[in-house]
Every structure is written in C-alpha cells, then in structure tokens.
Amino acid sequence: MHLQIIISIFLFFIGGGQIIYALNKFKNCIQENNVNIKQLMRLLAWINLVSGIFLLIFGLVILTR
C-alpha cells in the first residue's frame, strides 16, 4: 500500500512537470519566427502535454487501486 502511494505521488510530480513544460513550450513557440520550427515545437509541446495528462491519470489509477 505504501509503495502505491509513493509511486502515485511520483507520477503526479512527473505528470505535473510535463504539463508545465508543455505550457512553457507553447509560450516559446509563439515567439518563434520560422514556421517549420514553430510547427515542430508545437507538436513536441502537444506530445508533452498528452504524456503529462496520461501520467496524472495513471497515478490516479494506481492510487485508487
């Protein structure tokens, strides 16, 4: 039981960090002038955002089981 709580808290921290990192990348890609780099940064930010959300959900699932 204690291991589940530790792992879920760890996943919450990683997921939250991924979401914050993705939002920061969204802010930085708006300032970029090159269209190709802007699209690549936007794609990477979306991937980070989705992975952060999945980690939060996975941490919640582990915590509730």
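The values are calculated or read from the model by the stated rules, or taken from the named source; none is laboratory data. Bear in mind that the values here come from a model prediction, so they are computed numbers and not experimental data. Every residue, glycine among them, receives a Cβ derived from its backbone with ideal geometry; neighbour counts consider all protein chains shown. Calculation scope for accessible area: heavy atoms of the full protein, side chains included, ligands and nucleic acids excluded. Shrake-Rupley method; radii C 1.70, N 1.55, O 1.52, S 1.80 Å.
Observations, loosely collected:
- For the chain, built as a Gaussian network whose Cα springs stay under 10 Å, the top-fluctuating residue of Ile47, Ile37, Ile20: Ile37
- Gyration tensor (Cα) of the chain, equivalent ellipsoid semi-axes in angstrom: 31, 9, 6
- 3J(HN,Hα) along region 47-53: 5, 5, 5, 5, 5, x, 5 Hz, from the Karplus curve 6.51 cos²θ - 1.76 cosθ + 1.60 with θ = phi - 60°, whole Hz, x for Gly and Pro.
- Gain on full stretching of the segment that runs from Phe54 to Gln39 - 0.36 nm per residue minus C-alpha separation: 3.1 nm
- Carbon/sulfur fraction of accessible area - region 1-46, other protein chains in place, 1.4 Å, %: 70 percent
- Considering only Leu11, Leu49, Leu40, the mean-square fluctuation computed in a Gaussian network model of the chain, springs between alpha carbons under 10 angstrom, is largest for Leu40.
- Inter-label distance for Lys27 and Ile47, nm, one decimal - labels placed 7 Å from Cα along Cα-to-Cβ: 2.3 nm
- Rounded to the nearest 10 degrees, the inclination of helix 2-30 to the longest alpha-carbon principal axis of the chain is 10 degrees.
- Taken per residue, the accessible surface of the chain reaches 76 Å², heavy atoms only and a 1.4 Å probe.
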